[in-house]
Amino acid sequence: MPKQGFKLGFAFGLGWFGAGVSWVHVSIADFGGIPLIGSITLMLLLSAYLALFPALSCYLLTKYFSRKLWPLALPFIWLMVEWLRSWLLTGFPWLSLGYSQIQGPLAGWFPVIGEFGVSGLIVFICTALAISLTAKKWLSSAFVVTVFFISGLALNKYQWAKPSGETARIAMVQGNIEQALRWSPEQDQPTMDKYKNMTADHWDNDVIIWPEAAIPKLEPVAADYLSEIDNLAAHTNTGLITGIVNYNFETREAYNNLIGLGQRHTDEDNNDTPRGHYYYFHGNRFAKHHLLPIGEFIPLEDWIRGLAPIFDLPMSSFSRGDYQQANLEAKGYHFAPAICFEIAFPRQISANLYSNTDFIITVSNDAWFGGSHGPAQHLEIAQARAKEFGLPVLRATNNGITAFIDHQGQIQSRLPQFEAAVLSDVIQQVEGYTPYRLFGDWPIWSVSFMLFAIACWNKKQLRQK
């Protein structure tokens, strides 16, 4: 039975991740310099690794618990293993089950127990349904579905965090720079000119956001350009946030950064001679903490660097920023940042939310994944964070999908993929906290552990009979 459980869990996981993260193949094949058979093999290896987690859950469940105790035991086991997936080897919590409910009947539970909790709820509902249906307990099945679906729909009508009446006008610039050109030195100036020219007609916004590494030059080398943009923004009373790579020539450390330029505080409006606040290594910056394996750091670098082009990609030796950092500031607004797939780590986002945080900002460059479903999944993850924390999420990307997401997780406005354009909109500020922002994962851990303890107690009672 345990072996069969492991095999079934692995087969399920292989299909789940094989279909869900197939976009990895695009970046490996198109930009990693590996032949087709090699890229498919690496994608299958990644899918097989991820499939080990549901396989482990099913193995533990079938080894230690009888079938009728599965609904009580599996949620805690599943969440423990999913937590492990989000942590092991720096973590890859992509495609978690809860994301399936962004527009589903359980969407109302996101502000209460988060996506992580919704995953546990899905596991409980599905297991309870499977057991009751095989036992032909139709009323029990109907009761389970009715209770959780109706409660989810009812919760979705309630706004935990509500508009405060204050707004900000924000613009996001989608440059649509081809990935093959992003780190070509001869393309540095054309890229920087493009972002400056695309922004020229939008200095009337409160804040302007450029995506991850929008400025392709290293920060110390781009000092003159940064000073120019800093002063342009300051003279129009605008704050600007941009991605850039900072390489410290003294320490030889590289950081994937977001930095603030232009107007930082609202009290700068009345200055007779507005000046920007930027200087090299100023404090209004954020350094990416969760680095992407292979893309931003190479595990066992001394051993595998040089084995294949994919292990020698540009900008693949970053240093890690702190887990908790100050918010970015622009024209008096406070932004909790997440660079690229950091948005998939709700605990890190939570650690960087403060009482004065106005928005969550996530910047990315999904040009690595072409026209695959990777960017659409990335957008759904950002929607989940907005709904969990009751805060608007501003998602600025190089080639899509750039979007404003309101505090209820709904897309307010967006740009088409693969199009150079500027998206400008008025974003509502909110007041109030969701239960998930206040309590995090503790409620779902407590409930799932209580159910697990009941399963263990029942198992002990059955043994004594």
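Readers should treat all values here as calculations from the given coordinates under stated rules, not as data from a laboratory. The shown structure was predicted, so the numbers you read here are calculated from the model rather than taken from an experiment. Cβ atoms come from the backbone with ideal geometry, glycine included; neighbour counts cover every protein chain shown.
The label-point distance for V145 and H282, in a model that sets each label 7 Å from Cα toward Cβ, rounds to 5.8 nm.
Out of the DSSP beta bridges found with both residues in the chain, what percent are antiparallel (nearest 5)?
Values: 32 of 50 bridges.
That works out to approximately 65 percent antiparallel.
Packing, taken as the mean count of other beta carbons within 10 Å per residue, orders the peptides 242-255, 397-410 from highest to lowest as 397-410, 242-255. The HN-Hα couplings worked out from phi for the range 396-413 by the Karplus form 6.51 cos²θ - 1.76 cosθ + 1.60 (θ = phi - 60°) are 9, 10, 5, 9, x, 9, 7, 7, 9, 10, 6, 5, 9, x, 9, 6, 7, 7 Hz, whole numbers, x standing for Gly and Pro. A cut-off of 5 Å between modelled amide H atoms, ignoring neighbours fewer than 5 places along the same chain, links H334 with D358, F359.
The Cα atoms of the chain define a convex hull whose projected area, averaged across directions, is 24.0 nm².
Extents of the range 164-432, largest first, come to 56, 40, 34 Å (Cα atoms, principal axes, whole angstrom). Put the Cα centre of the range 127-158 next to the Cα centre of the range 334-411 and the gap is 31 Å.
Averaged over residues, the count of other Cβ atoms within 10 Å places the peptides 103-114, 87-98 in the sequence 103-114, 87-98, highest first.
Among the trypsin sites (Lys or Arg not before Pro) found in the range 142-231, those both in a DSSP coil and sparsely packed, with 15 or fewer other Cβ atoms within 10 Å of their Cβ, are K157.
Let me make sure I get this right: for the range 2-74, a, b and c are the square roots of the gyration tensor eigenvalues over alpha carbons, sorted descending. Under 1.5 in a/c it's rounded, otherwise prolate if a/b > b/c, else oblate. Which is it? Write down the numbers at each step before the final one.
Values: a/c = 4.68, a/b = 3.40, b/c = 1.38.
In terms of gyration-tensor shape, prolate.
Amide H contacts for E219 (H built 1.01 Å from N in the peptide plane; partners 5 or more residues away or on another chain; cut-off under 5 Å): V245, N246, Y247.
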